[in-house]
Amino acid sequence: MTLRDLLADSPDNSLSGIKWHTLKQSIVKCLLSIGDATILELSTELQSSIPTISKAINELLADELIVDSGKISNSGGRRPSLYSVASDKTFFLGVEANRSGTSFGIQNLKEEFISIDLDSSFILENTYESLMEFCDRIDTFISDSQIDKSYITGVCVNLSGRINSKEGFSYNYFFKENRPLVEIISEKIGLPVYLENDTRAMTFGEYAQGVVEGEQNIIFLNYSWGVGIGIITDGKLYYGKSGYSGEFGHSPLFDNEILCHCGKIGCLETEASGWALVEQFKQALQDGRKSAISIDNNASAIEQYHKILSGALVKEDNLCIELITRQAGILGRALAGLINILNPELLVIGGDFSRLGDFVLLPIQSSLKKYSLGLVNRDVAMKKSILGRRAGVMGACRVIKEKLLTPLT
Ligand SMILES: [Zn+2]
């Protein structure tokens with residue numbers, strides 16, 4: 001038996017069968033949540049008798065879903081055994097698909113990467129054929145990792161745009177009114193699938209394994225081709241009613257008559273984002289500005305965007321830097337409004353632009369100081385993301401773990 005089998009519905013449909021299956025699920029969820037535990041601790045936690053827990057533990061040991069991880073060191077007497085979930089049979093697969101490429105990562109229970117690929121050039125297009133190829137890529141990644149597919153407990157796919165992760169719908173990619181995207185992918189790859197918004201997954205990654213050091217009220221800025229935020233309040237990701245929170249880039253802030261890709265005019269992204277940077281760079285050249293880098297007009301907008309970013313980062317091109325610092329100042333002003341509203345203790349700057357370090361951080365900080373309320377501003381520290389492109393897949397793996405830990409009802 002695999003953990004995936006155990007977490008599925010009971011094979012025995014009788015009331016006692018379902019009850020027994022649920023108890024075994026609860027033991028495993030408890031061990032995933034609190035780590036190693038003794039039978040007495042599990043009995044207390046799950047409010048079940050010691051003989052009942054002992055019997056279930058023996059079955060789980062026989063199924064090799066848990067292991068005896070040694071005796072507890074206590075004072076005298078018979079030392080009880082500690083049990084933990086078998087780490088060689090439980091893995092999580094995080095996948096991030098965005099306009100720059102696709103990233104895959106498999107983590108074990110200790111949140112260590114067993115296999116990771118951040119450089120796949122595959123671009124997920126909004127077509128059925130592309131979606132099927134995407135599923136094949138997931139399968140190939142699993143087989144290349146040499147991990148038994150049955151040990152993959154779940155897959156979380158991060159996409160940009162509006163995601164209802166509770167119901168598994170994506171509204172910007174592959175939207176079908178009567179069929180959640182998770183169902184389509186799950187049917188094709190034969191694994192449980194979850195969906196998450198890309199920025200929210202990155203936020204979770206930074207929170208779980210990145211730059212966050214105990215802070216519980218956080219805003220994470222994903223400053224990339226598009227602009228979004230992730231919000232953590234009291235240690236929990238904030239979703240909003242349907243999961244559409246964090247659409248910061250579409251704040252209607254400007255009377256500039258620039259059409260945003262969302263269909264509105266004057267969104268924050270029309271002045272500060274990767275796609276706006278490409279437009280601003282081209283316009284500056286047309287206006288006679290000089291730059292050390294040239295962009296190929298036949299290249300895709302994404303390729304042009306990366307060329308301009310590296311123009312600032314590698315060549316320290318004045319025009320690229322000037323446009324980016326101007327954008328960062330605009331973002332800082334918009335963030336000042338958010339900080340006034342949410343009073344966070346930490347602002348994490350992530351996404352492609354965060355690689356530019358002070359060229360981005362300093363203008364944001366300056367605008368924050370200028371436009372936010374002094375008392376509120378004093379509460380907030382600002383840090384740069386340390387996970388970079390790994391943040392998304394790390395967060396995706398954490399999302400799966402959290403879903404598994406959802407209490408049974
Ligand atoms: Zn917009």
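The values are calculated or read from the model by the stated rules, or taken from the named source; none is laboratory data. In this text the structure is predicted, and so the values were computed from the model without any measurement. FYI the Cβ positions are ideal-geometry reconstructions off the backbone, even for glycines, and counts take in every protein chain you see. These area figures cover heavy atoms from the full protein model, side chains too; ligands, DNA and RNA do not enter into them. Shrake-Rupley method; radii C 1.70, N 1.55, O 1.52, S 1.80 Å.
Observations, loosely collected:
- Of all residues in the range 243-255, those that are open to solvent by 60 Å² or more (accessible area, probe 1.4 Å) have Cβ atoms under 7 Å from Cβ atoms of residues that are hydrophobic (A, V, I, L, M, F, W, C) and more than 10 Å from the ligand (Cβ to nearest atom), 6 or more apart or on another chain, in L253/A334.
- The selection criterion, being more than 27 Å from L109 (Cα to Cα) and either crowded, with 24+ Cβ neighbours inside 10 Å or free of Cβ contacts under 8 Å to residues at least 60 places away in the same chain (or both), holds for G240.
- Test: residue in the range 233-255 that is among the polar types (S, T, N, Q), away from the ligand (no atom under 12 Å from the Cβ) and assigned to a strand (DSSP E or B): yes
- Scanning the range 256-273 for residues that are touching a residue at least 60 places away in the same chain (Cβ under 8 Å) and not in a loop (DSSP other than H, G, I, E, B) gives a single hit, L268.
- Taking the criterion of being out of contact with any strand residue (DSSP E or B) (no Cβ under 9 Å at 6 or more places or on another chain) and either in a loop (DSSP other than H, G, I, E, B) or within 26 Å of N108 (Cβ to Cβ) (or both), the residues of the range 42-52 that qualify are L46, Q47, S48, S49.
- F353 touching a residue at least 12 places away in the same chain (Cβ under 8 Å), within 22 Å of G226 (Cβ to Cβ), touching a Phe, Trp or Tyr at 6+ places or on another chain (Cβ under 9 Å) and surrounded by fewer than 22 Cβ atoms within 10 Å (Cβ to Cβ): no
- Check on I341, β-branched (V, I, T) and over 25 Å from the mean Cα position of the chain (by Cα): no
- Of the strands (runs of 3 or more DSSP E) lying entirely inside the range 71-166, those containing at least 1 residues that are under 23 Å from I302 (Cβ atoms) are 91-98, 101-108, 113-120, 152-159.
- Top-ranked residue in the range 215-237 [being open to solvent by 10 Å² or more (accessible area, probe 1.4 Å) and farther than 29 Å from I302 by Cα; ranked as nearest to the chain's Cα centre (by Cα)]: L237
- Qualifying positions in the range 260-276 - more than 9 Å from the ligand (Cβ to nearest atom) and touching a strand residue (DSSP E or B) at 6+ places or on another chain (Cβ under 7 Å): A272, S273
- Test: residue in the range 143-151 that is open to solvent by less than 10 Å² (accessible area, probe 1.4 Å) and either at pLDDT below 95 or not basic (K, R) (or both): no
- Hits in the range 178-195 - residues which are surrounded by fewer than 22 Cβ atoms within 10 Å (Cβ to Cβ) and assigned to a helix (DSSP H, G or I): V182, E183, I184, S186, E187, K188, I189
- Residue in the range 309-322 that is of a type in the set (D, E, K, R), open to solvent by less than 70 Å² (accessible area, probe 1.4 Å) and within 27 Å of P252 (Cβ to Cβ) present: no
- Qualifying residue in the range 277-287 (condition: within 16 Å of the ligand (Cβ to nearest atom), within 18 Å of G329 (Cβ to Cβ), touching a residue at least 60 places away in the same chain (Cβ under 8 Å) and not basic (K, R)): no
- Looking across V393, V360, V399, V348, one residue alone is out of contact with any Leu (no Cβ under 6 Å at 6 or more places or on another chain) and either over 27 Å from V157 (Cβ atoms) or surrounded by fewer than 18 Cβ atoms within 10 Å (Cβ to Cβ) (or both). It is V360.
- Inclusion of S300 among residues that are farther than 26 Å from A336 by Cα, within 29 Å of the chain's Cα centre (by Cα) and of a type outside the set (F, W, Y) is warranted.
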